């Protein structure tokens, strides 16, 4: 396991050429944002699934919830990259990385699709967000379990 104290002790040194290279991000920030990402996806999944079951069209609230979920997922991915840069990759499983990035990939692919029918758009988005929630939750709980073993 990586000695976090040793990594933090180097903070005063010149770890890289830029400011971000010298910034040390504690894993707790990644864990907190991961929880927020899963919570945002959960709220979005419930909202869209209910709307899809009621055959209601895609609305502004759906758009805001999806954007919020994507922002948390992007921040989570960037925090994960920074933790890898700090040498923390040895405390994780590969499936944690894949499961955490899949939701962003789903949203990317969905962005290439065009929907003329707002009700169909809601149904498709509900399925994509539900699968994204399952993937993100899997990554979050696998990450927690692996670090805490």
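Readers should treat all values here as calculations from the given coordinates under stated rules, not as data from a laboratory. Everything numeric here is computed off the predicted structure, so don't read it as measured data. In this analysis, Cβ positions are derived from the backbone assuming ideal geometry, glycine residues included, and neighbour counts consider all displayed protein chains.
Some points to look at:
- Among (1) in a helix (DSSP H, G or I); (2) loosely packed, with under 13 Cβ neighbours inside 10 Å - the single one residue 114 does not satisfy: (1)
- Hits in the range 130-149 - residues which are assigned to a helix (DSSP H, G or I) and either more than 17 Å from residue 77 (Cβ to Cβ) or more than 17 Å from the chain's Cα centre (by Cα) (or both): 130, 131, 134, 141, 144, 145, 146, 147
- Lone unmet requirement of (1) under 19 Å from residue 32 (Cα atoms); (2) in contact (Cβ under 8 Å) with a residue 60 or more places away in the chain; (3) exposed (fewer than 14 other Cβ atoms within 10 Å of the Cβ) for residue 69: (3)
- Of all residues making up the range 72-84, the number that are buried (at least 16 other Cβ atoms within 10 Å of the Cβ) and either without any contact (Cβ under 8 Å) to a residue 24 or more places away in the chain or farther than 16 Å from residue 140 by Cα (or both): 1
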